[in-house]
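Just so it is clear, none of the values below were taken in a lab; they were calculated from the coordinates. Just so you know, these numbers come straight off a predicted model, no measurement behind them. All Cβ positions, even for glycine, are placed from backbone atoms using ideal geometry, and neighbour counts span all protein chains on display.
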């Protein structure tokens, strides 16, 4: 067993580093609680890279920061890396950032976690609106479009949920609407009736959700069963086609969600083409995370096409240029935030494909 | 000769493996290879503590991952929020888990097996909840970024080889400390506590204190590992407190080899590298990992060290020369006196108002039909059961209701009906266990044990495993175990059961010799032909009450005794 | 009042589902004194099996149930053959590790086969909701409670009243003695694993409709089953049911007053108190630990 260890390690160490072509490793969570989102990321990145016939390898980062750092170290040693498609799990990004700076490798991610672009690290590029953007759009839609003033917030006790909650609170306050109820729920919670009951007891005029895919569907199902008639505006997990697949269309009536984009809702020939090739390649419906990662890798590949030959060239191109992607036009704000638009989609109760109802561009966002 | 050669071969294999690892790390490993090695070192360190607590002590603690996480959070919070350096945070990362382990251990260590596991799991889950839901302190689910690297005497240890070297030197130090503890008195005593806690306590070992010590030591190791983990990954998040970390440590300990420090290292190196070899398979790599793990445990159920030992059996250690242990306190007159002892189990009076006195240098026989309360009486005297009423005086001290180990240390020794020798150990080790509470080191305990074995005429069996001993020899080894304690009072539960007549005669002679030295003996026996000539005084119990007390000559003529034995019971 | 009733109903349904998860775990535990750490992943496998079968058999779940039970029983036999029988003479902790390995294989195999998306299985009868005086009674909730009660009752009957049950119990108490008395011990152990996995399949099918199923769902379920079984009294079936209901009481009842994390914290605090007061679990110990 030990000898095998040395043989295998020796083999890995002996792999020659090829300098001629740039490679673009994809380091995303394919196992664990974020595997759904991570798989979207993987597919988006892989689609862009295969279309361009670029060199890549996919490494699972699981859910631990430790595994993410190890994966980055591994990828860095395997050839001439141009940029990395990096995990959307905020904690993993935070762990990879110092190493990326040391290795001088741009990380292209769709993580919404606010703090990853607050570290003063020039190597991170986020191709998904951060929570500062999406949560502002989320709150603005609730207050400005729906005219609601008494929101109740149910969020997940994960990095995704806590970061969203931290931004929703001030966003609502800035709009003159105080949260009448807020509570975190564990992703393993099976029955969400207790939290729904408590939320309703606070007499809200709208339910605001920031939960992962499964729990979002659970709560909507429970709300439908309890005959809740309040409008529900959910977080980005709602727009994922796999979330809607868990529910009957009628259970979705009147539900809206914040997201960066909704590829299956169409909107442009480019978007339709993306959705079609995504379906053909993976047999699944694409979501905004896949699209964001796709757009991000496309910007990276565009930089290479325009003459970037090193990781640092790519970083400069990402930091300084702008890219007309399928979801929106991306341009860095100087900190690596590339996406500044968010949309609201709503379900009409007859289909699982939502319609785009409101678009928020160039959102400044309430910085926490 | 062959055995000794292959024993050396096993050491050589381990040494060569270590050397190869070193050469590989220094000369050939990529930064990635070094990182994986560093992570393996961190897990090895955490597993050392678990080997002591679970491997040797048998306590299935599910809090080892929690102490790991606690150490990680101490370093993480102090390092990233307050900018404190390694020289401050590292000792605190050891101290805080220790300070949590002590009160927690006091509260839950008395629980048995799975109840203990559940209690420790509960504590781990509470810590995880706190980490996730107290974002002001812990950064919440996101955790805290920006934990500084290790700075040693003003030198910031860079990642790669220096960090790997730092972690592995800690592994070396921790491994040496763990190895010393495991091979010493603590390790031996914990093994006994694991295999037979009851026997351990009647041999004078404070089971609670030993378990607490092991719990505290395991927390120290886990805290150190947690701190190093955070320094290598530079963020701390609730993931370090999650159940998979605990499962990894447990798996490493079992796959490596329970109770062995080398096993912790082998297990950690194998299990941390295993998924890395298959990672290129994308989503399927964990399936292959699971299959490999299954295969490993099937091929090496006693762990990798167990496999090595099977391939290269170790030579037996030489048996030490005999040394007579210092004699116990000599007392004349009453060695033990019992007054009005009573015990009921759910309404059934097992022992009711029994009084008896054992004098130094005498042999007292305790007889009675099955179920008359003889064994319960011995259990009450030796502290395994607490009496409902009555008093026990041992060597002039009132020790009613005292714990078995306290009574044992006050000069009481006992044997069990079914000879309670640990199957896995040799006769010498089994007897040496009786000296752990009184001798300073293992060498002294073993040479004293050799003396006791010689005394019982089984010195030549010292190196034999207990499970291979014939019944008569087991009896003698068990007597040697009791004798090795140099007790003032010796309680024997059916010592002649299953012996031939000549063996019984031999046993009687040895017991007489003990009495002649001033030991007070209480012998429970059914065999009247053996007991009556031996005993100077006989007590007969029936349904928990004293039926007869007097010289042995009077037993056969006592009408009540005869009636009780003939099964007629009371008229 | 209606709210409290509604919460009670939901809590009992969840507790019944947890009890089913714990039931298979206890069975194997009693027959082999080994902890089957793959039990949670077996439940997940049962759920995904139901999801996979649903398009092939477009009928209500009650028709799917026997198919799932049979296939899962087969999986249980495989589990016994691969992870238990080769290690039966080893310390129980070896089986702990081998079943962890099987759990890893199941979880990731499911992820490769089905993808990471949460899935929903068909309901047992229908997904209608009866409204009785302000309380929404989901058909599936009633089905969960009924199936759980039926299976637990059947198990108690088999163990208490039948020849098979006596043989299973004899095997559990002392395999050597049972073998000497002519009980086919290996067959009994295989049967137990098959029944245990079938229970997991039933639990999986029921849970996967109301609460969905993902390949990673097993980890949380094994934790709950372990807690339920231990706090109830290691190896006691009524204890495991009580333990499962206790967990559901906190998850649904207490969390309707306190926040969800606080309710979980209270659950663990309660467990510790129970262990301090009753160190052998709520219902006492059913099997003595074998070293």
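What to note about this one:
- Calculated FRET efficiency, residue A:102 to residue B:179, Cβ-Cβ distance, R0 = 41 Å: about 0.65 to the nearest 0.05.
- With Cα atoms, 0 to 90° folded angle of helix A:2-14 axis to chain A main axis: 80
- Cα gyration tensor shape for the range B:371-451, rounded if a/c is under 1.5, else prolate or oblate: oblate
- Rounded, prolate or oblate (a/c below 1.5 giving rounded, otherwise prolate when a/b exceeds b/c) for the range C:2-216 by Cα gyration tensor: prolate
- Angle in degrees between helix A:311-320 and the longest Cα principal axis of chain A, rounded to the nearest 10: 40
- Inter-label distance for residue A:248 and residue A:309, nm, one decimal - labels placed 7 Å from Cα along Cα-to-Cβ: 6.3
- For B:117-128, mean number of other protein chain Cβ atoms within 10 Å: 5
- Counting only alpha carbon atoms, the long axis of helix B:64-82 and the longest principal axis of chain B meet at about 40°.
- Top of C:124, C:164, C:20 by mean-square fluctuation, Gaussian network on chain C, Cα under 10 Å: C:164
- Fluctuation leader among A:45, A:311, A:223 - chain A, Gaussian network, Cα springs under 10 angstrom: A:223
- FRET efficiency, residue A:178 to residue B:497 (Cβ-Cβ, R0 60 Å, nearest 0.05): 0.15
- Averaged over C:82-90, number of beta-carbon atoms from partner chains that fall within 10 Å: 2
- The length gained by stretching the chain between residue C:158 and residue C:85 to full extension, at 0.36 nm per residue less their Cα-Cα distance, is 23.9 nm.
- The modelled label-to-label distance between residue B:516 and residue B:28, using points 7 Å beyond Cα along the C-beta direction, is 7.1 nm.
- When peptides B:174-185, B:196-207 are sorted by average Cβ neighbour count within 10 Å, with the highest value leading, the order is B:196-207, B:174-185.
- Whole-angstrom gap from the range C:111-130 to the range B:74-122, using each part's C-alpha centre: 41
- Extension gain (nm, one decimal) between residue B:136 and residue B:398, 0.36 nm per residue minus Cα-Cα: 88.8 nm
- For chain A, modelled as a GNM whose springs connect Cα atoms under 10 angstrom apart, the maximal fluctuation among A:39, A:31, A:61 occurs at A:31.
- Pairwise centroid distance, computed over Cα atoms, of the range A:343-359 with the range B:373-400, Å: 80
- Set of the range B:116-137 residues, backbone N closer than 14 Å to the point 7 Å along the Cα-Cβ line of residue B:82: B:137
- Cα gyration tensor shape of the range A:27-109, rounded if a/c is under 1.5, else prolate or oblate by comparing a/b with b/c: oblate
- Inter-label distance, residue B:443 to residue B:284: 5.8 nm, where each label sits 7 Å from its Cα along the C-beta direction.
- Euclidean distance of C-alpha centroids, the range B:427-478 and the range B:145-176, integer Å: 45
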